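Remarks on the structure that follows.
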Amino acid sequence: MARLSDRDEYLEVIAREGYLPRDADRFAATWDSLEEAFLERLFEATVPFGNWRQRFRAAAMETARLVEAHRREARFLSVDALAAGELGRMRRARLGQRLARLLDSARDELDDSVVVPEATAGWVLGIFFDRIYRRCAAGTDPDLPSQVPELLFLAVSAYFGTRAGLEELARPLR
Amino acid sequence: MAATRRDRRGAVEPGGHPLRPEVVAHHQRQRIIAGAARVIAERGYRSVSVADIVKSAAIARGSFYEHFGSKEDCFLALYETGTGAALEAVKEACSGESEGFPGRVKGGLAALLAYVESNREMAQACIVEGPAVGPAIEGRFEGMISSFGDLLRSGRVAPDASELPESVEETVVGGLYWLLYYALLEGKPKKVARLLPQLEQFSLIPFAGAEAADTAPTA
């Protein structure tokens, strides 16, 4: 039988026993490798697209697919890490800031007259994180890809207005 | 000096009339919950023991176990107390029929932030520490999001809102929840208060558009 990698072994330990301070180094190493892998997948999924809405759609769908295909890893990042105290908080804040910068590039495509609230990227991250958390914690929510149009509607509405957001609901999933 | 009589259970009130046991028990339970909120908000759920709660509440260890079977049991009671009180405050604030949907949403959000501001330890314990508790909290978390989501449902009368997905209210509430979570986690009280106009925008835009968010009376 193949031996589990240290990361896979730790993912099983933390899911079973919760975060323990004695495992701080393993937690940090696991988080850092998963964060880099996730951001790399987002970059690969969005690079073919020219405008923000296309890139955002691709990133949202890739995230949803990753959550479904790699549930243990998604659970680590969204549920188990919440109990990891300052270590987990720092890493979640760092990932949040990196994603917020990507999201806020939508502002480059807005007219100068449009004022979008400062916390918009945090709000968009919040609606996505909430769905991922609930999917991974209880596992009872509908599968994430089927929720993507609703999430796109809310996110695009926040940056580009309700009419633009509603277009996302009418668009077929890919 | 005022005379004070003590009965055999040790519960007295000024003037010497004994308090009913259920009143004493209720006050003691509330005292334990407040003590738990204080110490959990300060140190985090995982780092706190029953002994820490007992010390924070200034009660005997045996009294703790008269009310709760474990730390988790105590936290679940704390969570229901805190989220229940916040929900009641929001419900009351958005019950005004004359203000229209945007006005009610603004009133509800203002009441929520006021609750968070004036019950900081309870809010911190419920919002920040709740998700760290584990499987026992998951059903309650879902219930809390769903209860707040129900309050937004009256926004469906807006012209653009009739075709929205069924779960959009819960998704909006979920987004608000995690924004508050991060604001509280940073420990900057002013940041929470500054969120109000932005929370109004995020809550209203999906249902009534940005114009309604900008023009509705602020609570």
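Which residue, of B:136, B:125, B:110, is surrounded by fewer than 16 Cβ atoms within 10 Å (Cβ to Cβ), in a helix (DSSP H, G or I) and small (Gly, Ala, Ser)? First the steps, then the outcome.
Working: B:125 fails: surrounded by fewer than 16 Cβ atoms within 10 Å (Cβ to Cβ); B:110 fails: surrounded by fewer than 16 Cβ atoms within 10 Å (Cβ to Cβ).
After ruling out the rest, the residue left standing is B:136.
Count, please, the residues in region A:24-47 that happen to be closer than 17 Å to residue A:75 by Cα and not β-branched (Val, Ile, Thr). Steps first, answer last, please.
First pass over region A:24-47, keeping only residues closer than 17 Å to residue A:75 by Cα: A:26-39.
With not β-branched (Val, Ile, Thr) added as a condition, the list becomes A:26-29, A:31-39.
So the count comes out to 13.
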Residue B:185 surrounded by fewer than 21 Cβ atoms within 10 Å (Cβ to Cβ), touching a residue at least 12 places away in the same chain (Cβ under 8 Å), closer than 19 Å to residue A:125 by Cβ and facing chain A (nearest Cβ under 9 Å): yes
When residues of region B:167-184 are limited to those that are within 16 Å of the chain's Cα centre (by Cα) and among the small types (Gly, Ala, Ser), the one nearest to residue B:152 (Cα to Cα): B:174
Members of region A:16-28 that are part of a helix (DSSP H, G or I) and surrounded by 14 or more Cβ atoms within 10 Å (Cβ to Cβ): A:23, A:24, A:26, A:27, A:28
In region B:139-159, residue farthest from residue B:202 (Cα to Cα) [restricted to those that are within 14 Å of another protein chain (Cβ to nearest Cβ) and buried (at least 18 other Cβ atoms within 10 Å of the Cβ)]: B:141
Qualifying residue in region A:76-89 (condition: in contact with a Cys (Cβ under 7 Å, 6 or more places away or on another chain) and surrounded by 13 or more Cβ atoms within 10 Å (Cβ to Cβ)): yes
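Being under 19 Å from the mean Cα position of the chain (by Cα) and part of a helix (DSSP H, G or I): is that true of residue A:9 here?
Details: under 19 Å from the mean Cα position of the chain (by Cα): no; part of a helix (DSSP H, G or I): yes.
No.
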First in region A:11-28 and touching a residue at least 60 places away in the same chain (Cβ under 8 Å), second anywhere and in a helix (DSSP H, G or I) and among the β-branched types (Val, Ile, Thr), Cβ under 7 Å, 6 or more apart: A:11/A:30
Residue under evaluation residue B:167, criteria (1) small (Gly, Ala, Ser); (2) surrounded by fewer than 20 Cβ atoms within 10 Å (Cβ to Cβ); (3) closer than 20 Å to residue A:166 by Cβ; (4) modelled with pLDDT under 85, criterion not met: (4)
Selected residue (criterion: nearest to the other protein chains (Cβ to nearest Cβ)) from residues of region A:35-50 that are under 16 Å from residue A:70 (Cα atoms) and in contact with a Lys or Arg (Cβ under 8 Å, 6 or more places away or on another chain): A:35
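Quick one: count up the residues across region A:42-56 that are surrounded by fewer than 16 Cβ atoms within 10 Å (Cβ to Cβ) and free of Cβ contacts under 8 Å to residues at least 40 places away in the same chain. So that I can check it myself, show each step before the final result.
Residues of region A:42-56 that are surrounded by fewer than 16 Cβ atoms within 10 Å (Cβ to Cβ), as a first pass: A:43-44, A:47-51, A:54.
Checking the rest, the ones that are also free of Cβ contacts under 8 Å to residues at least 40 places away in the same chain come to A:43-44, A:47-50, A:54.
Of the residues in region A:42-56, 7 are surrounded by fewer than 16 Cβ atoms within 10 Å (Cβ to Cβ) and free of Cβ contacts under 8 Å to residues at least 40 places away in the same chain.
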Failed criterion for residue B:165 (all others in (1) outside any helix (DSSP H, G or I); (2) in contact (Cβ under 8 Å) with a residue 40 or more places away in the chain hold): (2)
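Pick from region A:108-156 the residues that are among the charged types (D, E, K, R), farther than 19 Å from residue B:166 by Cβ and touching a residue at least 24 places away in the same chain (Cβ under 8 Å): which of them is farthest from the other protein chains (Cβ to nearest Cβ)? Give the derivation first.
At the first step, the residues of region A:108-156 found to be among the charged types (D, E, K, R) are A:108-109, A:111-112, A:118, A:130-131, A:134-135, A:141, A:143, A:150.
Next, only the ones that are farther than 19 Å from residue B:166 by Cβ stay: A:108-109, A:111-112, A:118.
Add one more test, that the residue is touching a residue at least 24 places away in the same chain (Cβ under 8 Å), and what stays is A:108-109.
On the way: A:108: 19, A:109: 17 Å.
Ranking the candidates gives A:108 first.
The values are calculated or read from the model by the stated rules, or taken from the named source; none is laboratory data. Remember, predicted model here, so these are calculated numbers, not experimental data. With ideal geometry, Cβ positions are generated from the backbone for all residues, glycine too; neighbour counts draw on all protein chains shown.
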